[in-house]
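The values are calculated or read from the model by the stated rules, or taken from the named source; none is laboratory data. All values reported here derive from a predicted model rather than from experimental measurement. Using ideal geometry, Cβ is built from the backbone for each residue, glycine included, and neighbour counts are taken over all protein chains shown.
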Amino acid sequence: MSLDKNRALSLFSGGLDSIIVVKFMESLGYEIIPVYFSTPFFHDQKAIEMAKVNDMKIEIIDITDEHLEMLVKPKYGYGKYLNPCIDCHGLMFKILHGYLDKYDADFMISGEVLQQRPMSQNKNALAAVRKVSTVGDLIVRPLSQRLLPDTLPIREGWVKKEEMLDISGRSRSKQMQMAEELGVKEYPNAGGGCLLTDNGYTKRLQDLLDHEMLNKVFIKFLAYGRHFRIDKDTKLLITRTKAESDTISPLLKDEIIIKCKNVPGPFGVIQSSKEITEEIIKLSASILIKYNSKANDTDIVTWGKAFELNNDITVSKIEDNELKPFKIN
Ligand code: SF4
C-alpha cells in the first residue's frame, strides 16, 4: 500500500455492513472517515447511536435537498416501494466525492455486498451507480471487491486487491462473524433502515408526489399520525398517540392546529399550499372528532396557528361513508 494514499471516506448508514467495512479497513491500516448522510427518510438517531456504541467518529451531512430532487424522477426508477436505490447510492457517492478534498481523502468505500439486494447490489446495478455518480472509478467495495472490476485505488496499488473480500449473497453470517472478530459491540437487525421501503409511509409519500407537494415542510410529519387528503392542495394529519403528539408538537410552526375544546384527545394538523378556508377547517374538524372517542357527535373544535387556538367551530362527526375518500393511510 502506498502510504500517502490510505485515507478514504466511507458511506455510513449505521447498518451492520457499514460498520464492519470501516472496522475491517481500519484493521488493515487504512484511515477511514465514516460519513452519514441525513435525510427525512433515514433514522438519524439510530445511526448516531450505532456509531457511538462502536466508538466511531462519524461526519454527518444533510443531503435532504439533493435527495428530494432525485426522488421525484429517479433515472433508474424505484424498487418495490418508493426506494430509488441505484440513484440514491449514485447520488451519495457523487456528494461524497465532493468532500474528498475537504477531508484530504483519496478514495471512497462502502459496505455494499454483491447480490445482497436484488435491485441495487447486482453487478449491473453497481455499474449503474458508477455511471450515476460519475466518480465510480474512485469507489472500492471491500466486502465484495475481489468479485468486482478493479477501480483506480486497486490499479494504482493504494488498496491491495488480495486483502479485499469476496462476500456475495443475502446471508449475513460472514458479516456477523466478522463483527465478532472485529470487536463490533452492537449492530441493528437487517432491514428497516430506510422509510422509502416502508409500505405505509410510501403510500403517504406517493400522495405528496401525486400532488406535487414534495418538500421539506410536508415531509416533516409524514412518519406520524393518520393522513387525509382534504383537497389537491391540502392535507390533514391526526395524531394517534400521546407519544406521537409530544413528538410532533415542537415541530409545529405555521400549520393550523385543530383540537376538541372540551375533551382531551388527538389534535389535527392542517397543511396546505394555499390559503386555508373555513370550509377546510370545518371538514377537518368533522374528521378530527370522528377520531376522538370522548367527543360528542356534535362538538366544539378550537383552532389556530401553533397552539394559539383562539377560534372555535361547532361541527358534527363525519359519516363513515363520507370519510373514506379522504383517507390516505
Ligand atoms: S434503501 Fe433507501 S437509503 Fe438505501 S439505497 Fe435504497 S433508497 Fe437509498
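What the table below lists for this structure:
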read-out	value
In the stretch 188-237, the residues that are over 28 Å from Ile289 (Cβ atoms), away from the ligand (no atom under 15 Å from the Cβ) and modelled with pLDDT of 95 or more	none
Residue within the stretch 59-75 that is away from the ligand (no atom under 16 Å from the Cβ) and under 23 Å from Asp104 (Cα atoms) present	yes
Conditions (1) buried (at least 21 other Cβ atoms within 10 Å of the Cβ); (2) touching a residue at least 60 places away in the same chain (Cβ under 8 Å); (3) closer than 24 Å to Ala223 by Cβ; number of the one not met by Ile20	(3)
Helices (runs of 4 or more DSSP H) enclosed by the stretch 178-295 - at least 2 residues per element that are crowded, with 18+ Cβ neighbours inside 10 Å and touching a residue at least 24 places away in the same chain (Cβ under 8 Å)	199-210, 216-219, 278-290
Residues being within 13 Å of the ligand (Cβ to nearest atom) and touching a Pro at 6+ places or on another chain (Cβ under 9 Å) - total across the stretch 92-119	2
